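Asker: I am attaching a structure below and will ask some questions about it afterwards.
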């Protein structure tokens, strides 16, 4: 989905390239695995590995910060998605701190393209949680309550971070769109813009706003998610 990011007000900080370097954001994949359409973001090749142009990475990160800040300031919904092992805990921590929606365990197919069905599961999860918390199920047998708790646990595996979602989100922030192909495909089909931390082995054409950098290093993921969840929190705060 096309978005003119140049028209969005600048709220982002100036990023010190040394911080990006220390986070290991400059390391791409080996030359043999690269996607040619990432060429504009590559600075050089060293030892058979592509090195990102961190000035361009910083520029894209600023655009992403401004976009997320702007969406949050308008009350829009953003979902942070990262299900790979390195990203899960970081997604949960940073999104919770920003009071943002997130998916860290597994993207359930149809989240965007079959929302009516997914919404039933989210509502069911919320109903069980509320019922267990208010004592609504106190009259049930021990076995029946145990079954409800198990059902709640299964639903929370997939939907714990989107309890407050009531419809199509306005943006997805994705860590490693190559791994999250289904997420990106659904977003493109439904016209939902995607901001993504994207490595040198991935086609950027399906991403509305690519942030070219190492998407495997924990430090790189932490920096990007830290900044974008901060943008979301600050954007929400600006409306109060």
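Asker: Put a dot 7 Å past each Cα toward the Cβ at residue 51 and residue 74; how far apart are the dots in nm?
Answerer: About 4.0 nm separates the two model spin labels.
Asker: Output the 0 to 90 degree angle, nearest 10, between the alpha-carbon long axis of helix 115-134 and the longest principal axis computed from the alpha carbons of the chain.
Answerer: For 115-134 against the chain, the angle is about 60 degrees.
Asker: Next up: Pop a pseudo-label 7 angstrom from the Cα along the beta-carbon direction at both residue 149 and residue 40 and give the gap in nm to one decimal.
Answerer: In this crude spin-label approximation the distance works out to 5.5 nm.
Asker: Considering Cα pairs under 8 angstrom that are at least six residues apart, work out the relative contact order of region 1-109 and quote it in whole percent.
Answerer: 22
Asker: Could I have the simple spin-label model distance between residue 157 and residue 129, label points 7 Å from Cα toward Cβ, reported in nm to one decimal?
Answerer: Inter-label distance under the simple model: 1.8 nm.
Asker: Between the alpha-carbon centers of region 189-240 and region 54-72, tell me the distance in whole angstrom.
Answerer: 8
Asker: Ignoring everything except DSSP H segments at least 4 long, calculate the 222 nm mean residue ellipticity for the chain; use -39,500 (n - 2.57) per segment, divide by total residues, nearest 500. Don't skip to the answer; put the middle values down first.
Answerer: Working: 7 runs with 108 residues, N = 240.
Calculated mean residue ellipticity at 222 nm is -15000 deg cm²/dmol.
Asker: Something else now. Within the chain, what percent of beta bridges assigned by DSSP are antiparallel, to the nearest 5? Don't skip to the end; give the middle numbers.
Answerer: Working: 6 of 21 bridges.
Around 30 percent antiparallel, to the nearest 5.
Asker: Taking the inverse of the average 1/r across all pairs of different Cα atoms in the chain, what Kirkwood radius in Å do you get? Don't jump to the answer; show the numbers that get you there.
Answerer: On the way: mean 1/r = 0.0532 Å⁻¹.
One over the average 1/r among Cα pairs gives 18.8 Å for the chain.
Asker: Another question, if that's okay. Rounded if a/c is under 1.5, else prolate if a/b is larger than b/c, else oblate: which is region 117-240, with a ≥ b ≥ c the root eigenvalues of its Cα gyration tensor?
Answerer: Working: a/c = 2.37, a/b = 2.08, b/c = 1.14.
It comes out prolate by the Cα gyration axes.
Asker: For the chain, find the longest principal axis of its Cα atoms and tell me its angle to the long axis of helix 218-237, 0 to 90°, nearest 10.
Answerer: Between helix and principal axis, roughly 70 degrees.
Asker: With only alpha-carbon atoms counted, please give the Rg and Dmax of region 115-157, in Å.
Answerer: In Å, with Rg to one decimal and Dmax whole: 10.8, 33.
Asker: Could you order the peptides 215-227, 73-85 from most to least packed, using the average number of other C-beta atoms within 10 Å per residue? Don't jump to the answer; show the numbers that get you there.
Answerer: Numbers: 215-227: 20.9, 73-85: 19.3.
The densest-packed peptide leads the list: 215-227, 73-85.
Asker: Separate question: With an 8 Å cut-off on Cα pairs and a minimum separation of 6 or more residues, tell me the relative contact order of region 100-185 in percent. It would help to have the intermediate numbers written out before the result.
Answerer: Details: 48 pairs, mean separation 40.9, N = 86.
Answer for region 100-185 is 48 percent.
Asker: Could you give log10 I(q)/I(0) at q = 0.29, 0.30 Å⁻¹ for region 1-42, computed by the Debye formula over C-alpha point scatterers of equal weight, without solvent?
Answerer: Normalising to I(0) and taking log10 leaves -0.97, -0.98.
Asker: While we're looking at this one, here's another question. Any idea what angle helix 181-190 forms with the longest principal axis of the chain, computed on alpha-carbon atoms, 0 to 90 degrees, nearest 10?
Answerer: Here the helix axis deviates by roughly 80 degrees.
Asker: Still on this model: Listing 155, 146, 209 from the residue with the fewest other Cβ atoms within 10 Å to the one with the most, what is the order? Please list the in-between numbers first.
Answerer: Values: 155 19, 146 11, 209 22.
In increasing order of surrounding Cβ atoms, one gets 146, 155, 209.
Asker: Right, another one. Rank by packing, highest mean first: peptides 183-190, 198-205, with packing defined as the count of other Cβ atoms within 10 Å averaged across residues. Please report the intermediate quantities before stating the final value.
Answerer: Details: 183-190: 19.1, 198-205: 20.6.
Ranking, from highest mean packing down: 198-205, 183-190.
The numbers here are math on the coordinates, done by the rules we state, and not lab data. Here the structure is a predicted model, which means the values were calculated and not measured. Glycine also receives a Cβ, built like all others from the backbone with ideal geometry; neighbour counts cover every protein chain displayed.
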